[in-house]
Amino acid sequence: MNKWRLIPLLFFVGLSLFLWRGLSLEPQKLPSAQIGRVLPAFSIPVLGAMGKTLTSDYLRGHVFLLTVWASWCSACVEEQVFLLQLAREGIAIYGLNYKDSPKAAQQWLHEWGNPFKQVGIDSNGRVAIDLGVYGAPETFLIDAKGVIRLRHVGILDEKTWKNDFVPYFKLTN
Amino acid sequence: MILYRILNLQISVGFFLFLLCSPITASSLYPFSQPKQEAQFKYLLKELRCLVCQNQDLADSNADLARDLRDEVYGLVKDGQSDHEIIDYLTKRYGDFILFKPPVKSVTALLWFGPALFLILGLLVFWRSIRQGHHDPNGGGS
């Protein structure tokens with residue numbers, strides 16, 4: 001009957017392991033409610049092209065990355081070199097310019113390089129709210145059916161790309 | 001020296017008054033015609049978490065996103081949407097994390113019912129141990 005007295009000890013060990021694991025989790029990495037959902041509908045002006053609009057319907061039909069960025073976002077500079085490299089490799093990247101002034105955004109792209117096919121202006125952050133964005137940069141992978149497949153919060157680097165994004169491309173090819 | 005002290009005191013009093021006043025000015029930024037809607041708005045902001053500064057609610061946070069979401073909630077409340085509809089709108093975009101109180105789901109079952117479960121387990125162990133001690137003081141098997 002001694003086993004009954006072991007239960008609290010085992011329970012304590014289990015709880016300790018569970019909480020110990022929690023220590024190494026990053027609280028900023030939240031599970032996204034968007035994975036598997038269709039890209040929310042939007043129709044926003046295109047940066048640097050007067051009168052043109054970028055719509056979610058226009059983007060349907062091919063796999064692409066949607067990067068949320070802004071010229072005021074200092075972390076965005078850090079992923080820019082990598083995004084340029086991806087664009088050179090032929091990955092379609094569209095930008096969502098989040099709560100920025102078009103002038104500053106264009107100046108920033110001029111300075112740091114432009115990996116985007118097109119950039120939509122989300123001046124009041126409405127599209128970002130629909131996407132569940134809570135900071136810049138954030139990167140979404142959208143498939144040909146317009147469904148959000150992946151979401152990365154923070155700087156997109158080679159490691160994240162290889163671990164999370166490349167397997168998706170391999171699966172579909 | 002005395003002048004300096006008085007000045008210093010005035011600054012502290014001023015700062016204290018500023019602290020007292022700030023909640024009042026915050027609510028006048030979001031005017032409501034119906035007190036019921038105002039109460040709903042205040043209640044919702046306390047229930048919703050700021051996603052940038054994660055331990056603050058939307059009412060307290062000064063983050064840019066929190067301000068946008070406050071405006072969003074304000075608009076929805078003015079439209080006459082219910083608490084349920086507004087919370088649904090936000091969790092659809094940001095997930096359950098935006099709620100301070102997690103909803104009862106299969107994933108959160110352990111969180112909600114765990115304490116009761118562990119209490120029962122503890123009582124059971126306690127009861128078995130006591131009975132054991134009473135019957136057999138040497139602790140041998142029965």
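The values are calculated or read from the model by the stated rules, or taken from the named source; none is laboratory data. Everything quoted here is computed from the prediction, not taken from an experiment. Please note: Cβ atoms are built from the backbone with ideal geometry, for glycine as well, and neighbour counts cover all protein chains shown.
In region A:82-137, what residues are within 11 Å of another protein chain (Cβ to nearest Cβ), under 21 Å from residue A:63 (Cβ atoms) and loosely packed, with under 15 Cβ neighbours inside 10 Å?
Hits for region A:82-137: nothing passes.
Residue A:76 is checked against (1) in a loop (DSSP other than H, G, I, E, B); (2) under 30 Å from residue B:49 (Cβ atoms); (3) not small (Gly, Ala, Ser) and fails just one. What number does that condition carry?
Condition not satisfied by residue A:76: (1).
Test each condition in (1) more than 14 Å from chain B (Cβ to nearest Cβ); (2) in a helix (DSSP H, G or I) for residue A:61 and report the one that comes out false.
Going through (1) more than 14 Å from chain B (Cβ to nearest Cβ); (2) in a helix (DSSP H, G or I) one by one, residue A:61 breaks only (2).
Condition first: among the small types (Gly, Ala, Ser) and part of a loop (DSSP other than H, G, I, E, B). Can you find one or more residues in region B:93-105 that meet it?
The answer is yes, given that some residue of region B:93-105 is among the small types (Gly, Ala, Ser) and part of a loop (DSSP other than H, G, I, E, B).
In region B:61-98, how many are at the interface with chain A (Cβ under 8 Å from one of its Cβ atoms), of a type in the set (Lys, Arg) and surrounded by fewer than 18 Cβ atoms within 10 Å (Cβ to Cβ)?
Within region B:61-98, residues that are at the interface with chain A (Cβ under 8 Å from one of its Cβ atoms), of a type in the set (Lys, Arg) and surrounded by fewer than 18 Cβ atoms within 10 Å (Cβ to Cβ) number 1.
Looking at this structure, is residue A:44 over 30 Å from residue A:126 (Cβ atoms) and touching a Leu at 6+ places or on another chain (Cβ under 8 Å)?
No, not satisfied.
Scan region A:67-79 and tell me whether some residue there is at pLDDT 95 or above, touching a Ser or Thr at 6+ places or on another chain (Cβ under 7 Å) and surrounded by 16 or more Cβ atoms within 10 Å (Cβ to Cβ).
So far as region A:67-79 goes, yes, one or more of its residues are at pLDDT 95 or above, touching a Ser or Thr at 6+ places or on another chain (Cβ under 7 Å) and surrounded by 16 or more Cβ atoms within 10 Å (Cβ to Cβ).
Can you name every residue in region A:41-54 that is under 18 Å from the mean Cα position of the chain (by Cα) and surrounded by fewer than 18 Cβ atoms within 10 Å (Cβ to Cβ)?
The answer is A:41, and nothing else.
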